[in-house]
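Notes follow the structure.
Read the figures in this text as sums done on the coordinates, not as results from a lab. Everything numeric in this text was worked out from a predicted model, so none of it was measured. No Cβ is skipped: glycine too gets one built from the backbone with ideal geometry, and neighbour counts run over all protein chains shown.
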Amino acid sequence: MSETYIYLAILLTAFATYLPRFLGVFSSDFVNEEGKLFKFVSCVSYGILAALIARIFIHPVGALEQTSTAIRLLAAGLTIVVLFVSKKNVLFSSLFGVILFGILNLYFN
Amino acid sequence: MNKTFDNNFKMGCFAALGIPGISLAASFFALGALFKNSGLNAIQSFLSTLIGFALPGQVVMAETLIVNGTLLNILIAVFLTNARLYPMTVNLVPVIRQKSRPRWHYYFLSHFIAVTSWVYMLSNYDKITKESRFSFFLGLGSTLWILSTLATVVGFYTAGILSAKVFVALIFLNPIYFMCMIVSVLNKSHIVATVFLSVILAPILFLVTPDWSVLLAGSISGIISYFIFIR
């Protein structure tokens, strides 16, 4: 794989990443914060984000792929419990989730 | 200029330096190591995050390079992976819009729209006055971008230093943080329904069409919730 090929891949990746952002700004002219279209786009955005997170936990790629699905789901489930117990303290809950996952992965994977 | 780089900008920078920045930097740190193992050099790793700032697309690029995929493969795969940025941008811009600003400000700012900055802004915008949101988001997004770029380079140079178990725990921080942020703001019935439906649909659709599962699950869930709760 040549250096030029990698640079071209990076440029194409940047283009394919910026394009939806560019189109998003362009389309946002037709959306106002109080309208129904805004709520529709909110639904789709949160839906895609939730799907992305579910995919990372259930079918991850990269290094997480080598870890147990049961451990990932157990850590995620208990983190949600801690999030509610801690009155939605995101910082505390996130750290709890990572430490729990680290310990479970260390001893049971 | 002063109106943009004001106290709201600084507040955005400080917000990014907390858990959003830590969790994102951990993921880009891991990305730097992945880039090294994929055959990229330090400058290429740096450039990738600098101009193509969106982690899932960058991972797809690295993995396609590993399997000697064509440039067309990379273009299509990255576009599909990052297509989620379209509704996210459409959703965010009306929230931070100021009528006095020229359009190019938003085209520039959109480079900083990624999951971490989007989730943080959408979860907190009602605590920030409308006039302050653009500057706040610019501070938030640009700081996250700089942190991510630096973390990619540090990850590249320190690949292999951390044990595999610590490394994988660091990667786990980002999805856990996203999950906590989303669950913590589930207070509207249409969003709650969308998230639940999407979490159920995504793994099922993955078995049918892995490449499209995220976009399809999110879109179907969003459309169903909209028609049940809003329309």
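Numbers for the structure displayed
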read-out: Karplus-derived 3J(HN,Hα), 6.51/-1.76/1.60, for each residue of segment A:22-33, Hz, glycine and proline x; value: 4, 5, x, 5, 4, 6, 5, 4, 8, 10, 10, 4
read-out: Per-residue ³J(HN,Hα) for segment A:61-71, Karplus 6.51 cos²θ - 1.76 cosθ + 1.60, θ = phi - 60°, Hz, x for Gly and Pro; value: 10, x, 4, 5, 4, 7, 9, 6, 4, 4, 5
read-out: Distance in nm between pseudo-label sites at B:I228 and A:S2 (7 Å out along the Cβ direction from Cα); value: 5.5 nm
read-out: Förster radius 41 Å - calculated FRET efficiency between A:F30 and B:L162, Cβ distance, rounded to 0.05; value: 0.30
read-out: Lysine pair number, Cα distance threshold 27 Å (strictly under), the protein assembly as shown, separation 8 or more or different chains; value: 27
read-out: Gained length - B:D211 relative to B:F5, 0.36 nm times residue gap less alpha-carbon distance; value: 70.1 nm
read-out: Chain B: DSSP helices with Cα axial extent of at least 27 Å and average Kyte-Doolittle hydropathy no lower than 0.0; value: B:19-38, B:133-157, B:164-184, B:189-208
read-out: Choice from B:P94, B:P56, B:P20 with maximal GNM fluctuation in chain B (Cα, 10 Å cutoff); value: B:P94
read-out: Shielding by partners - mean other protein chain Cβ count within 10 Å, residues of B:61-71; value: 3
read-out: Separation of the B:W104 and A:F15 label points, Cα + 7 Å toward Cβ, nm; value: 2.2 nm
read-out: Length-normalised contact order of segment B:7-185 in % [C-alpha pairs under 8 Å, at least 6 apart]; value: 48 percent
read-out: Chain B, dipole about Cα centre (Lys/Arg Cβ +1, Asp/Glu Cβ -1), debye to the nearest 20; value: 640 debye
read-out: Prolate/oblate/rounded call for the protein assembly as shown, Cα gyration tensor, a/c under 1.5 rounded; value: rounded
read-out: Max mean-square fluctuation residue, GNM over chain B, Cα-Cα springs under 10 Å, options B:S100, B:S189, B:S219; value: B:S100
